[in-house]
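Beneath this line is the structure, given in structure tokens, with notes to follow.
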Amino acid sequence: MTKTTTGRAPVSPARRGMTAAARAAAKRAERGHREPAPEATVAGRTVLIEAPKDGWDDPPEPSVESFEEDAARDAAPEGGGRRRRRRLLTVVLGVLFVAGLIAAAVLGRQYQDGRQAESARAEAVAAARKAAPVVLSYDYRHLDKDFAKARAHLTGDFRDEYGKTTKTVVGPTAEKYRGVVKATVAAPTTAGAPAAASVVSASADKVVVLLFVNQVTESTQVSGPRLDLNRVRMTMTRTADGWKVSAVDAL
């Protein structure tokens, strides 16, 4: 007679291990819904870790790296403020630097213009003193030669005007009355007397010079030489050929 044994079949060790793991996972998930999120202390600070909706199979452990990332985010506004301040300071310094360059350029230009004007004053006065006796003198015996010498000291419209005036008025009158005019720039007779030539205004390319000129005139219209003491204002203009007379006004 065969003996029959009833009951549950034997369970292998591997199956028992899988079943225990499943029960442990189920318990952890249940605790995740009922218990508050675990807290951990990292480097003296409490870190709250929120549980997912479905719970954890295995609750994560807080790490130092995650804490450092949070600290970096907390400090970001302060660091960003420093960066903004540095950028602002850079912009301000840049503006000041450019303004300094512009100011230096302006001052340098003014200094250069001042030096050029000072040099122009001396050059123009010397040219005016040399030109005045030639432009204001003539002799009826060689008018063409005298007028040609004078035109060499003139420029612009004044040169053309001088040519027309000497040809239509001065020349015929000098020939008719045998006119001779000799002009010289006056020299101070005593110490402290006004200079014979002075500058009225000056720039790098144009200088107005005031001259004291003595003119001795001889002609058939006067009994003897006549001396005229004149003040003449001459405008001197810089040209490629040096300083030339661009205007003459008798005062």
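Readers should treat all values here as calculations from the given coordinates under stated rules, not as data from a laboratory. Remember, it's a predicted structure, so these values are computed and weren't measured experimentally. Please note: Cβ atoms are built from the backbone with ideal geometry, for glycine as well, and neighbour counts cover all protein chains shown.
Overview of values
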| quantity | calculated |
| --- | --- |
| Gain on full stretching of the segment that runs from Leu96 to Asp228 - 0.36 nm per residue minus C-alpha separation | 41.3 nm |
| Label-point separation, Val169 to Lys130 (7 Å along Cα→Cβ), nm | 2.9 |
| Burial ordering of Thr217, Thr239, fewest other beta-carbon atoms within 10 Å first | Thr239, Thr217 |
| Simple spin-label estimate for Ala105 and Lys145 in nanometres, 7 Å along Cα-Cβ | 5.6 |
| Highest-first arrangement of 223-233, 146-156, where packing means the average Cβ count within 10 Å | 146-156, 223-233 |
| Cα-Cα over 18 Å, subset of Lys145/Lys182; Lys130/Lys182; Lys149/Lys176; Lys182/Lys206 | Lys149/Lys176; Lys182/Lys206 |
